[in-house]
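In what follows, a structure is listed as structure tokens, so that the remarks can point back to it.
Any read-out appearing in this document is the output of simple, stated calculations on the displayed coordinates, not a laboratory observation. All values reported here derive from a predicted model rather than from experimental measurement. Ideal geometry is used to build each Cβ from the backbone, glycine not excepted, and the neighbour counts take in all protein chains shown.
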Amino acid sequence: MLIGAVVLVLGSLFLVVPFLLGNTGVTGFVIGFIASLIPLTVVLLTVRLIDRWEPEPKRLLWFAFTWGAAVSIAGTLLIQPLFALAAPTSSEEAFTYFMATVQAPIVEEFTKSLGLLVLILAARKYFDGPVDGVVFAFTIAAGFAFTENILYFGREIASSNDPGTDLVRIFILRGVMSPFAHAVFTGTTGLIMGFAARKWHSGYAVLAFFIGLLPAMFLHNRWNSMGQNFLVEYFVVQVPIFLVAAVGIILLRVAEGKLTRQRLLEYARAGWFTPAEVEMLATSRGRRQAIRWASSRGRGRAMKSFIKGATALAFTRQRILSGRDVHVHQHDELELLRKIPTLRAAVLQ
């Protein structure tokens, strides 16, 4: 998989980079690249916050990001001309509107979400719940938006008579007002695929992929359909959608916290943790207090490792109870149980 992914990414870059340079020029590309790092950082920091205590493997996050930044962009460039053939040609305005509201939502969400399908089929050990789906979807979307922003920002530099003013204008629109737009679109697909992943079956994964595309395409279409009343629609429709998404993620994290506490209590009954440790390791308040206490004694890093180890153990137990790849996860459980005393000792030494 790794070799195939590298080949796919490199092949995509040979298509994407010349396309960007052809539309932005070298100066526009460089400035666009730098400006695009700002909204990218905002989204990736959010991903890190969501994925803080049970982080996905870095190699899979890198795969997700490069899929969004290169592969999905290349796929969009290859499929886009087919939709151009079907677009109305009565006027330039009709053509542009069709490509923005029909082609872009369908093609872009399909190519981005293909990365989620690859992950759920090839790395199912790490894609086993809605939070995982959101994390991977946000990362793919961050990569896609990063490359797209290079194009939009760089093109303003290359083609505008007043590049400074126009760059600020489009940066406010894309970098300030909508850094999470693609993340919210694709996040709905990841959420649905994450729920399907709880009861593993490749057929469920594929079905969830197609079902999840529908709300993603709809939200993308609504965003691209905003016209003369953009600001009104933005504050009346788009801002509430973002707030709902934020609340939804918070609720998912709360649910994961409850699950972590429940699983660790089972280990506590077997003598692996004390009830006080469970409250410390599985609740937001307990974690904050524990890290603050450990940091005051120079053991903050050790406490974070202890919390992550216990959280990983809880989720491994949940995978065993779900009946997915039981033997594999039982092996992981034994390895984590061997590490827990060492992680605890590092905090208390």
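Helices of the chain meeting both criteria, an alpha-carbon length of 30 angstrom or more along the long axis and an average Kyte-Doolittle score not below 0.0, with helices taken as full DSSP H segments, are 2-50, 130-159, 202-224, 239-269, 300-322, 326-348.
So for F98, F306, fewest C-beta neighbours within 10 Å to most, what's the order? Please report the intermediate quantities before stating the final value.
Details: F98 17, F306 26.
Ascending number of Cβ neighbours within 10 Å: F98, F306.
When the Gaussian network model of the chain links Cα atoms closer than 10 Å, the mean-square fluctuations of S12, S322, S160 top out at S160.
Would you order H182, H220 from fewest to most other beta-carbon atoms within 10 Å of each residue's own beta-carbon?
The order, fewest Cβ neighbours first, is H220, H182.
Taking 8 Å as the Cα distance limit and 6 or more residues as the minimum spacing, I'd like the relative contact order of the stretch 32-145 as a percentage.
Values: 99 pairs, mean separation 55.6, N = 114.
Answer for the stretch 32-145 is 49 percent.
Once you keep just the Cα pairs under 8 angstrom separated by 6 or more residues, what percentage relative contact order results for the stretch 256-348? Once divided by the residue count of the stretch 256-348, the mean separation gives 27 percent.
Could you list F138, F14 in order of exposure, starting from the residue whose Cβ has the fewest other Cβ atoms within 10 Å?
Ordered from fewest to most neighbouring Cβ atoms within 10 Å, F138, F14 come out as F14, F138.
Toward the positive end of the charge dipole of the chain, with +1 on the Cβ of Lys and Arg and -1 on the Cβ of Asp and Glu, the farthest Cα among V239, A345, M217 is that of A345.
With charges only on Cβ, +1 for K and R and -1 for D and E, what is the dipole size of the chain about its Cα centre, in debye, rounded to 20?
On the way: 33 positive and 22 negative charges, 408 e Å.
My answer is approximately 1960 debye.
With a cut-off of 8 Å between alpha carbons and a minimum separation of six or more residues, what is the relative contact order of the chain in percent? Walk me through the numbers before you get to the answer.
Working: 438 pairs, mean separation 63.9, N = 349.
18 percent.
From its DSSP helices (H runs of at least four residues, each -39,500 (n - 2.57)), the chain gives a residue-normalised ellipticity at 222 nm of -27000 deg cm²/dmol.
GNM on the chain, alpha-carbon springs under 10 angstrom: the most fluctuating residue among A64, A196, A122 is A122.
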